[in-house]
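To keep things clear, I will list the structure first and then write my remarks on it.
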2 protein chains.
Amino acid sequence: MTYCLAMRLDEGLLFLSDTRTNAGIDHVGTYRKLHVFEPDDDRVVVIQSAGNLATTQEVLDRIGRDLDGSGESLANVGELWQAALYVGRVANDVVDRHQASLARSGASGTATFIVGGQIDDGEPDILLVYPEGNYIRASDDRPYLQIGERKYGKAWLDLAVRADADLDTAAKVALSSMVATALSNLSVGPPYDLGIVRRDAHRIDCGRIEGDSPFLDRLSQVWTDHLNAAVEALPQVEPADTTFLAPDWTSGNR
Amino acid sequence: MTYCLAMRLDEGLLFLSDTRTNAGIDHVGTYRKLHVFEPDDDRVVVIQSAGNLATTQEVLDRIGRDLDGSGESLANVGELWQAALYVGRVANDVVDRHQASLARSGASGTATFIVGGQIDDGEPDILLVYPEGNYIRASDDRPYLQIGERKYGKAWLDLAVRADADLDTAAKVALSSMVATALSNLSVGPPYDLGIVRRDAHRIDCGRIEGDSPFLDRLSQVWTDHLNAAVEALPQVEPADTTFLAPDWTSGNR
């Protein structure tokens with residue numbers, strides 16, 4: 001599995017991806033899932049990928065090849081939603097080509113993507129591209145998207161991700177969500193790739209955080225301390241807080 | 001969906017279930033999923049259920065009927081693991097009976113159960129009964145079990161559930177996990193049914209916490225305050241914490 005998330009904030013965009021892949025529990029690898037395209041000074045396009053690794057790699061290779069051609073590519077699409085449709089179409093082409101042989105082995109070749117960035121004077125945006133090739137945007141109320149193992153770390157994002165959060169705080173929250181997910185699920189793991197696209201910069205700042213980083217230790221320690229303090233501070237369940245619930249089957253009383 | 005969890009602590013057992021059921025988003029109901037059997041003074045058996053509602057109801061009706069018969073029942077099994085196998089066998093009988101017609105409509109009739117309690121002078125225990133009818137115990141390191149929507153609230157349990165936790169603290173943590181799940185997923189919701197079986201008591205204390213309970217408000221407020229404080233206290237990601245990650249495709253640099 002995989003866990004990738006992206007946020008669309010007033011200051012700009014944030015992307016965070018883990019790097020663990022697995023084809024069965026005894027075939028675990030480390031692959032980059034945060035991909036950056038800066039084909040020209042007027043644009044930056046980020047693609048995060050989850051799903052079949054062979055599919056996502058061929059999709060990225062085709063996208064790279066298209067940059068050099070004269071047809072549609074990330075270098076010439078006019079708006080970000082067109083970039084999302086383009087990625088979805090390339091992904092469908094790849095899956096279609098291998099569909100018959102994948103079906104024979106019972107494997108699924110599908111992949112899901114987050115496409116984000118800024119093109120020219122368009123708004124910075126993030127879009128989730130489904131395996132079917134269509135897309136959705138993040139909402140204004142919950143300005144984030146997730147792909148892969150999205151359930152374990154969702155509570156952190158719901159708590160703290162608002163459009164007016166600053167990018168530094170957003171990075172802390174994103175990494176907290178990532179670390180919580182990795183603790184709960186072996187198929188998500190470090191290193192973690194973090195990318196930040198500031199509004200109108202048309203470029204990305206990218207960094208990798210290794211699994212043995214002291215930063216991750218400090219982050220986990222702050223969470224453990226505060227969560228334990230919260231458990232201490234929680235109210236007790238008092239009898240007045242509950243209504244009586246009769247056993248549904250008791251001796252002689254069905 | 002559903003979210004049920006159970007803990008096996010030194011002091012005794014704790015069970016918590018939501019009550020929301022849905023067959024499609026426009027068919028939402030409230031059904032009890034925490035079921036208690038106290039057929040005799042020497043035993044208490046708790047059954048939590050997730051999955052097909054028709055299956056779980058027929059399973060519970062058959063278990064109730066068996067209490068009055070002379071065959072195997074929760075009134076006469078000698079150990080808790082035998083109770084788990086018995087529940088699994090009843091569930092398989094129910095699913096088998098409806099299998100053909102369920103398959104015609106493409107529905108799954110399977111159900112998953114947590115069976116817990118204490119029989120005579122046996123150890124209090126909790127077991128997860130799979131749709132296949134076999135079971136697993138909770139581990140000593142992570143002495144809890146979950147069925148249904150288990151991912152959203154797992155981090156709370158991993159953080160705080162140890163066998164030596166007291167039942168009052170365990171109840172706080174269990175309800176925190178439940179509330180976090182309900183916030184993240186509409187298919188889990190109040191009221192919540194809480195049951196506590198103290199060691200060697202051979203009976204359960206059961207209470208229902210309604211969705212509009214002031215207790216749940218206080219609980220959510222404590223979590224929100226502490227999580228926000230944690231976000232404030234988290235370390236910043238400094239450049240020294242990351243290694244440079246080159247864009248993989250840039251203009252003229254593939």
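Which of (1) surrounded by 20 or more Cβ atoms within 10 Å (Cβ to Cβ); (2) of a type in the set (S, T, N, Q); (3) out of contact with any Leu (no Cβ under 9 Å at 6 or more places or on another chain) is the odd one out, the single condition B:N52 does not satisfy?
(3)
For the condition open to solvent by 20 Å² or more (accessible area, probe 1.4 Å), out of contact with any His (no Cβ under 6 Å at 6 or more places or on another chain), more than 7 Å from chain B (Cβ to nearest Cβ) and among the small types (G, A, S), what is the one hit in A:A246, A:A233?
Going through A:A246, A:A233 in turn, the sole match is A:A246.
What number goes with the only condition from (1) over 21 Å from B:A233 (Cα atoms); (2) within 10 Å of chain B (Cβ to nearest Cβ) that A:F113 does not pass?
Looking at each condition in turn, A:F113 falls short on (2).
Just need a number here: residues in the stretch B:9-54 that are more than 14 Å from chain A (Cβ to nearest Cβ), small (G, A, S) and within 19 Å of B:V197 (Cβ to Cβ).
1
Would it be correct to say that B:G29 is small (G, A, S), over 15 Å from the mean Cα position of the chain (by Cα), open to solvent by less than 40 Å² (accessible area, probe 1.4 Å) and at pLDDT 95 or above?
On the way: small (G, A, S): yes; over 15 Å from the mean Cα position of the chain (by Cα): yes; open to solvent by less than 40 Å² (accessible area, probe 1.4 Å): yes; at pLDDT 95 or above: no.
No.
Can you tell me which of (1) within 10 Å of another protein chain (Cβ to nearest Cβ); (2) of a type in the set (D, E); (3) out of contact with any strand residue (DSSP E or B) (no Cβ under 8 Å at 6 or more places or on another chain) is the one A:D166 doesn't meet?
Only one criterion in (1) within 10 Å of another protein chain (Cβ to nearest Cβ); (2) of a type in the set (D, E); (3) out of contact with any strand residue (DSSP E or B) (no Cβ under 8 Å at 6 or more places or on another chain) is unmet by A:D166, namely (1).
Every residue in the stretch B:141-159 that is crowded, with 22+ Cβ neighbours inside 10 Å and more than 12 Å from the chain's Cα centre (by Cα), please.
The answer is B:P143, B:Y152, B:A155, B:W156.
Check B:S101, B:S73 and return the single one that is farther than 19 Å from B:R208 by Cβ and either within 14 Å of chain A (Cβ to nearest Cβ) or buried (at least 20 other Cβ atoms within 10 Å of the Cβ) (or both). Quick ask: steps written out before the conclusion?
Details: B:S101 fails: either within 14 Å of chain A (Cβ to nearest Cβ) or buried (at least 20 other Cβ atoms within 10 Å of the Cβ) (or both).
Just a single option satisfies the conditions, and that option is B:S73.
Among the residues of the stretch A:172-186, is there at least one that is open to solvent by 40 Å² or more (accessible area, probe 1.4 Å), at pLDDT 85 or above and facing chain B (nearest Cβ under 7 Å)?
So the first thing to find is which residues in the stretch A:172-186 are open to solvent by 40 Å² or more (accessible area, probe 1.4 Å), and the list is A:183, A:186.
Remaining after also requiring at pLDDT 85 or above: A:183, A:186.
This time we only want the ones that are facing chain B (nearest Cβ under 7 Å), so: A:183.
Looking through the stretch A:172-186, at least one residue is open to solvent by 40 Å² or more (accessible area, probe 1.4 Å), at pLDDT 85 or above and facing chain B (nearest Cβ under 7 Å).
Applying the selection to the stretch B:181-193, what residues are over 12 Å from B:L216 (Cβ atoms) and not acidic (D, E)?
Residues satisfying the conditions are B:T181, B:S184, B:N185, B:L186, B:S187, B:V188.
Select from the stretch A:187-229 the residues that are away from chain B (no Cβ under 11 Å) and charged (D, E, K, R) and write down the one among them that is most open to solvent (accessible area, probe 1.4 Å). Give the derivation first.
Here is the first cut: in the stretch A:187-229, the ones away from chain B (no Cβ under 11 Å) are A:187-190, A:197-202, A:211-212.
Next cut, charged (D, E, K, R) only: A:198-200, A:212.
Working: A:R198: 109, A:R199: 95, A:D200: 97, A:D212: 129 Å².
In this case the residue turns out to be A:D212.
Just checking, does the stretch B:68-82 include any residue being at pLDDT 95 or above, under 23 Å from B:L145 (Cβ atoms), of a type in the set (A, V, I, L, M) and assigned to a loop (DSSP other than H, G, I, E, B)?
Yes, the stretch B:68-82 contains at least one residue that is at pLDDT 95 or above, under 23 Å from B:L145 (Cβ atoms), of a type in the set (A, V, I, L, M) and assigned to a loop (DSSP other than H, G, I, E, B).
Mind listing whichever residues of the stretch A:1-26 are open to solvent by 10 Å² or more (accessible area, probe 1.4 Å), assigned to a strand (DSSP E or B) and of a type outside the set (S, T, N, Q)?
Residues satisfying the conditions are A:R8, A:R20.
Can you say whether A:G88 is assigned to a helix (DSSP H, G or I), at pLDDT 95 or above and touching a strand residue (DSSP E or B) at 6+ places or on another chain (Cβ under 8 Å), as far as the supplied structure shows?
Values: assigned to a helix (DSSP H, G or I): yes; at pLDDT 95 or above: yes; touching a strand residue (DSSP E or B) at 6+ places or on another chain (Cβ under 8 Å): yes.
So A:G88 passes the test.
Please find, among A:D93, A:D125, the residue that is acidic (D, E), modelled with pLDDT of 95 or more and open to solvent by less than 60 Å² (accessible area, probe 1.4 Å). Lay out the reasoning, then the answer.
Details: A:D93 fails: open to solvent by less than 60 Å² (accessible area, probe 1.4 Å).
Answer to the check: A:D125.
For B:G133, are the conditions met, namely being in contact with a helix residue (DSSP H, G or I) (Cβ under 8 Å, 6 or more places away or on another chain) and open to solvent by less than 50 Å² (accessible area, probe 1.4 Å)?
yes
Keeping to the stretch A:193-231, report how many residues are farther than 16 Å from B:A233 by Cβ and modelled with pLDDT under 90.
Qualifying residue count for the region: 1.
The values are calculated or read from the model by the stated rules, or taken from the named source; none is laboratory data. Owing to the predicted nature of the structure, the values given are computational and were not obtained by experimental measurement. Quick reminder, even Gly has a Cβ in these numbers, built from the backbone with ideal geometry, and neighbours come from all protein chains shown. These accessible areas exclude ligands, DNA and RNA; they are computed on the full protein's heavy atoms, side chains included. Shrake-Rupley method; radii C 1.70, N 1.55, O 1.52, S 1.80 Å.
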